[in-house]
Amino acid sequence: METTYIQTEDGETKVEWWPEEKFRNRATEIFTPSSYDRIPVPDNLIICDFCNEDIVEFPVPVLWGTHAVCPKCLERVSKK
Ligand SMILES: [Zn+2]
């Protein structure tokens, strides 16, 4: 997996480029004081955390460890 760095408002930010395999077997975890739920996320459902667009190109840039972003938003958060 490739790792690059971009400059954003928060300074230098790591971008991990995730291949399609890395998005398999994901789940959303929901905790409440009395329960714990793990809701599987379909393997082919990859959505930009900023604009909610479907992401269909690989590898996918992932910011801050877990936030997939589309190429457009990656461009937008990058400081020129
Ligand atoms: Zn986006």
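Pick out, from ILE6, PRO19, SER34, the residue whose Cα sits farthest towards the positive end of the charge dipole of region 2-77, with +1 on the Cβ of Lys and Arg and -1 on the Cβ of Asp and Glu.
SER34
Report the per residue volume, in Å³, of the convex hull enclosing the C-alpha atoms of region 2-77. Mind dumping the intermediate values first?
On the way: hull volume 8.1 nm³, N = 76.
Value for region 2-77: 107 Å³ per residue.
Evaluate the distance, in nm, between pseudo-label points positioned 7 Å from the Cα of PHE31 and of THR3 along their respective Cα→Cβ axes.
Computed distance between label sites PHE31 and THR3 equals 2.5 nm.
Residues with beta-carbon under 13 Å from that of PRO40, excluding PRO40: net charge, scoring Lys, Arg +1 and Asp, Glu -1?
Working: positive: ARG24, ARG26, ARG38; negative: GLU29, ASP37, ASP43.
Once all neighbours under 13 Å are counted, the net charge is 0.
Within region 1-49, list the trypsin sites (Lys or Arg not before Pro) lying in a DSSP loop whose Cβ has at most 11 other Cβ atoms in a 10 Å radius. Show your work: numbers first, answer last.
Working: sites: LYS14, LYS22, ARG24, ARG26, ARG38; in loops: ARG24.
Those satisfying the criteria are ARG24.
Between ARG38 and SER78, what is the label-to-label distance in nm when each label sits 7 Å out along the Cα-to-Cβ direction?
3.6
Restricting attention to the chain, which GluC sites (Glu not before Pro) occupy a DSSP loop and are surrounded by at most 16 other Cβ atoms within 10 Å?
Details: sites: GLU2, GLU9, GLU12, GLU16, GLU20, GLU21, GLU29, GLU53, GLU57, GLU75; in loops: GLU9, GLU53, GLU57.
Those satisfying the criteria are GLU9, GLU53, GLU57.
No value in this document is a laboratory result; all are computed from the given coordinates. None of the values given here were measured: they were computed from a predicted structure. Cβ coordinates were reconstructed from backbone atoms using ideal geometry, including for glycine residues, and neighbour counts include every protein chain displayed.
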